[in-house]
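Notes follow the structure.
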Amino acid sequence: MSEPLPADGLPQPQDPDGASAGLATAEAGSAHSERDRRYMSLALDAAQSARAAGEVPVGAVLVCGDQVIATGFNHPIGAHDPSAHAEMIALRTAAQSLQNYRLPGCELYVTLEPCLMCAGAIMHARIARVVFGARDPKTGACGSVVDAFANSQLNHHTQVTGDVLAAECGNTLKSFFADRRRAIREERAAAAAQAQACVPEQPV
């Protein structure tokens, strides 16, 4: 997670032949299953918890079969933890719940393309599949900037599906930053008005 965003913030099962050149990324929105859209909607719900806390709104859910076993939302600022991306929180919660640092067969749904840190944790956890919503052109590690999962030398290969509810996920982020910019402008305007009011009138 999570928040591979502006500086102010943020499975293909293992190849049975052991020779996969990396991941297969699904591009066409029309090909996304109702199941993927349903779980991404839950990830969007989790993202609202981040927004409510004043954090970049990224959410994640971790699914095993048809059961959600963990959720997470981005909150590195409040937690004073640079690793507190939505994906990391979901992975930690699931590992503690299952008492196992390996999570084979599980799928991770996240509203924003994972960064390198989260991609590494996903691979270490042996996540079978990661599904993301909006792409991150600045720090995305599923093909936007680098493709961490495409290295054939790695001993685990995770399937990646992108662009599930991409518009909804992207709009959640855009509206957050638009609101933040508006609030900053209003604060500056109020401060300027207050400063102007404190200036004593010059005698005529």
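The values are calculated or read from the model by the stated rules, or taken from the named source; none is laboratory data. Worth saying up front: this structure is predicted, and the values here are computed from it rather than measured. These area figures cover heavy atoms from the full protein model, side chains too; ligands, DNA and RNA do not enter into them. Shrake-Rupley method; radii C 1.70, N 1.55, O 1.52, S 1.80 Å.
Averaging the Cα positions of each part gives two centres, and for the stretch 81-137 and the stretch 57-79 these lie 8 Å apart. Sorting Asp179, Asp163, Asp36, Asp66 on solvent-accessible area from highest to lowest, probe radius 1.4 Å, gives Asp66, Asp179, Asp163, Asp36. Heavy-atom accessible surface of the stretch 40-95, averaged per residue, reaches 38 Å², computed with a 1.4 Å probe.
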